[in-house]
Amino acid sequence: WQTENGVLLPSLQSALPFLDLHGTPRLEFHQSVFDELREKLLERVSAIALEGKVEERYKKLEDLLEKSFSLVKMPSIQPVVMCVMKHLPKVPEKKLKLVMADKDLYKACAVEVKRQIWQDNQALFGDEVSPLLKQYIVEKENILFSNDISVLHNFFSPSPKTRRQGEVVQKLTQMIGKNVKLYDMVLQFLRTLFLRTRNVHYCTLRAELLMSLHDLEISEICTVDPCHKFTWCLDACIREKFVDNKRARELQGFLDGVKKGQEQVLGDLSMILCDPFAINTLALSTIRHLQDLVGQDTLPRESPDLLLLLRMLSLGQGAWDMIDSQVFKEPKMEAELITKFLPMLMSFVVDDHTFNVDQKLPAEEKGPVPYPSTIPEAFTKFLQENRIACEIGLYYILHITKQRNKNAFLRLLPALVETFSDLAFSDVFLHLLTGNLTLLGDEFALEEFCTSLFDGFFLTACSRKENVHRHVLRLLLHLHHKVAPAKLESLQKALEPTKQAGEAVKELYNQLTEKLELRKPSPAEVTETPSMELPLPTVPTPASR
């Protein structure tokens, strides 16, 4: 039996007793031969998949699969069967069903085979994709709530290309491959989740996924996605954090080029413009344009570039309503936004310039001009009722905070208590605001500043919005040493979490309490301090020498 079933090589028979002398079992020898042959067979299968005419090579692989599939559950043969299936563009339906029905087989098969299973099983594909989408949202929220507060490294710092290297985007890209049907399924999942949750991070993922496929030059998908060129152009603007004139014209060309009967593409374009990274770029560009217009004595209505930025902001901000209502037309822009609100913002810029010039004048020429402390009622009304005005207004406030303009900040802060759908208490805005406030760190020692910021703004929403509570605690963890002790104590009391508060708030509060405990001088130190200070006056100063 051994002779019949062994390796039939005449020269081998005389060599085998050598192995016996070395105490090597025949099983070990046969196993190593078997492994070697399997490797050769795997190499050969991969080679067959690339040589000869297409029909012939696949015919060979199909025959091989037919002969070997019955052994698919044998661990030693399974890799060969899986390799054959991996190289077949279309595995027979019957075999796919058998693989799908067996959990272990399904787990072991290559992503190329899984794609063939998924494209006809949306529910199964959804089960695979769902945990990745959840992970993506958690990652984004972790960045927004990160304890590292910095004006230099914030949510918008990583370049688009860096973001696309993230684990979730890479996994989804691999799962989709070149399969248009799977790509469409993922987009459908993202639309549905965006509608259900209003979470704008799904819009970011929609753009990142398309650009990740673009990076890999997967033309099979890029050429059929009508948003590809628009997203590519917008991606370049996001990288520069500015929409220049050339790209603005390109983007306008895409929007104007939406033909009758193809309006549905506006739904996808609006979702791409609703991505916080796109909104950030458009809003920053709008503020920059308004400052340029002040210098040129030009009104907003006379700037086509500014009007295009507003058009795109409007389309992005209207994404949810458009996809929800399935009415695919660009939202109508309110004339008052351009004729009243933006000139009002420009007047704030002028107020700052006037005040700064006045401060530099010699004392005798100075007029007794205090900084304007009131804000026009219309400004507050716009922030409450107009979404785009609110977005631009918030970015203007971020801009003046970044410039360390305390006067302008305190003047406009009261307008933030009530804004359109509470945008001033959104995570993205509060993340950026807390980062920019680190530049005004020294102002936190002043009672007036802290009262306006905490009592007048943050604490108005802390009890009803847990995210605001978290952002205030983040800010204090970073700047507590700058705040006056009495104020800090009252803030500590006001920010104490209720029993119903989430774990994240409690954890942050405990961290803050620990930091404050460490700062309190111990009783021993307090008694020693005077004795350490006594000799100081007797030290001769350089001047008295």
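Take Arg196 and tell me if it is basic (Lys, Arg), in contact with a helix residue (DSSP H, G or I) (Cβ under 6 Å, 6 or more places away or on another chain) and over 30 Å from Gln403 (Cβ atoms). Considered against the rule, which asks whether it is basic (Lys, Arg), in contact with a helix residue (DSSP H, G or I) (Cβ under 6 Å, 6 or more places away or on another chain) and over 30 Å from Gln403 (Cβ atoms), Arg196 comes out as no. Of all the residues that make up segment 36-64, how many are more than 46 Å from the chain's Cα centre (by Cα) and among the acidic types (Asp, Glu)? So the answer is 3. Being farther than 28 Å from Tyr106 by Cα and either exposed (fewer than 11 other Cβ atoms within 10 Å of the Cβ) or touching a residue at least 40 places away in the same chain (Cβ under 8 Å) (or both) narrows it down to one of Pro25, Pro79, so name that one. None of the others qualify; the one that does is Pro25.
Just so you know, in segment 135-183 the residues that are of a type in the set (Ser, Thr, Tyr) and farther than 29 Å from Thr438 by Cα include one that is surrounded by the most Cβ atoms within 10 Å (Cβ to Cβ), and it is Tyr183. For segment 7-18, indicate whether the set of residues that are closer than 30 Å to Ala123 by Cβ, at pLDDT 75 or above and open to solvent by 60 Å² or more (accessible area, probe 1.4 Å) is non-empty. For segment 7-18, residues closer than 30 Å to Ala123 by Cβ, at pLDDT 75 or above and open to solvent by 60 Å² or more (accessible area, probe 1.4 Å): absent. Among the residues of segment 130-143, are any in contact (Cβ under 8 Å) with a residue 60 or more places away in the chain and part of a loop (DSSP other than H, G, I, E, B)? No - not one qualifying residue is present in segment 130-143.
Working only within segment 424-438, note down all residues that are over 16 Å from Pro414 (Cα atoms) and in contact with a His (Cβ under 8 Å, 6 or more places away or on another chain). Result: Asp427, His431, Thr434, Thr438. Applying the set (1) part of a helix (DSSP H, G or I); (2) open to solvent by 60 Å² or more (accessible area, probe 1.4 Å); (3) in contact with a Ser or Thr (Cβ under 9 Å, 6 or more places away or on another chain) to Glu507 leaves exactly one unmet item: (3). Tallying residues that are assigned to a helix (DSSP H, G or I) and farther than 24 Å from Ala378 by Cα within segment 420-455 yields 22. For segment 278-375, the helices (runs of 4 or more DSSP H) that sit wholly inside it and include 2 or more residues that are without any contact (Cβ under 8 Å) to a residue 12 or more places away in the chain and under 21 Å from Glu263 (Cα atoms) are 319-325.
Conditions tested, residue by residue: (1) closer than 22 Å to Glu217 by Cα; (2) at pLDDT below 95; (3) touching a Gly at 6+ places or on another chain (Cβ under 7 Å).
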| position | (1), (2), (3) |
| --- | --- |
| Lys95 | no, yes, no |
| Ile117 | no, yes, no |
| Ser130 | no, no, no |
| Ile149 | no, yes, yes |
| Leu152 | no, yes, no |
| Val169 | yes, no, no |
| Ile176 | yes, no, no |
| Met185 | yes, no, no |
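Please verify whether Lys107 is free of Cβ contacts under 8 Å to residues at least 24 places away in the same chain, assigned to a helix (DSSP H, G or I) and under 37 Å from the mean Cα position of the chain (by Cα), treating the condition exactly as stated. Yes, satisfied.
Scanning segment 52-68 turns up one or more residues that are in contact (Cβ under 8 Å) with a residue 12 or more places away in the chain and open to solvent by 70 Å² or more (accessible area, probe 1.4 Å). Among the residues of segment 178-228, those identified as among the β-branched types (Val, Ile, Thr) and under 19 Å from Glu141 (Cα atoms) are Thr197, Val200, Thr204. Just to verify a result, which residue in segment 110-129, among those that are outside any helix (DSSP H, G or I) and without any contact (Cβ under 8 Å) to a residue 40 or more places away in the chain, is most open to solvent (accessible area, probe 1.4 Å)? Among those that are outside any helix (DSSP H, G or I) and without any contact (Cβ under 8 Å) to a residue 40 or more places away in the chain, it is Asp120. Kindly evaluate Ser373 against the criterion of being among the polar types (S, T, N, Q), under 23 Å from the mean Cα position of the chain (by Cα) and modelled with pLDDT under 95. Answer is no for this residue. So is Leu475 under 19 Å from Lys406 (Cβ atoms) and modelled with pLDDT of 95 or more or not? Against the criterion (under 19 Å from Lys406 (Cβ atoms) and modelled with pLDDT of 95 or more), Leu475 qualifies.
Checked against the criteria, Lys246 does not count as free of Cβ contacts under 8 Å to residues at least 24 places away in the same chain, among the basic types (Lys, Arg), more than 24 Å from Leu394 (Cβ to Cβ) and in a loop (DSSP other than H, G, I, E, B). Residues that are surrounded by 15 or more Cβ atoms within 10 Å (Cβ to Cβ) and either in a helix (DSSP H, G or I) or in contact with a strand residue (DSSP E or B) (Cβ under 6 Å, 6 or more places away or on another chain) (or both) within segment 32-51 comprise Arg38, Leu41, Leu42, Val45, Ile48, listed in sequence order. Looking only at residues in segment 319-338 that are open to solvent by less than 50 Å² (accessible area, probe 1.4 Å) and over 20 Å from Cys390 (Cβ atoms), the one that is farthest from the chain's Cα centre (by Cα) is Phe328.
Just one of Glu514, Glu496, Glu507 is acidic (Asp, Glu) and over 18 Å from Asp148 (Cα atoms); which is it? Of Glu514, Glu496, Glu507, the one residue that is acidic (Asp, Glu) and over 18 Å from Asp148 (Cα atoms) is Glu496. Residues that are open to solvent by 20 Å² or more (accessible area, probe 1.4 Å) and assigned to a helix (DSSP H, G or I) within segment 396-407 comprise His399, Lys402, Lys406, Asn407, listed in sequence order. Scanning segment 353-385 for residues that are open to solvent by less than 30 Å² (accessible area, probe 1.4 Å) and in contact with a helix residue (DSSP H, G or I) (Cβ under 6 Å, 6 or more places away or on another chain) yields Phe379, Phe382, Leu383.
The values are calculated or read from the model by the stated rules, or taken from the named source; none is laboratory data. Every value quoted in this text rests on a predicted model; they were computed, and no experiment measured them. Every residue, glycine as well, gets a Cβ built from its backbone with ideal geometry; the counts of neighbours run over all protein chains shown. Calculation scope for accessible area: heavy atoms of the full protein, side chains included, ligands and nucleic acids excluded. Shrake-Rupley method; radii C 1.70, N 1.55, O 1.52, S 1.80 Å.
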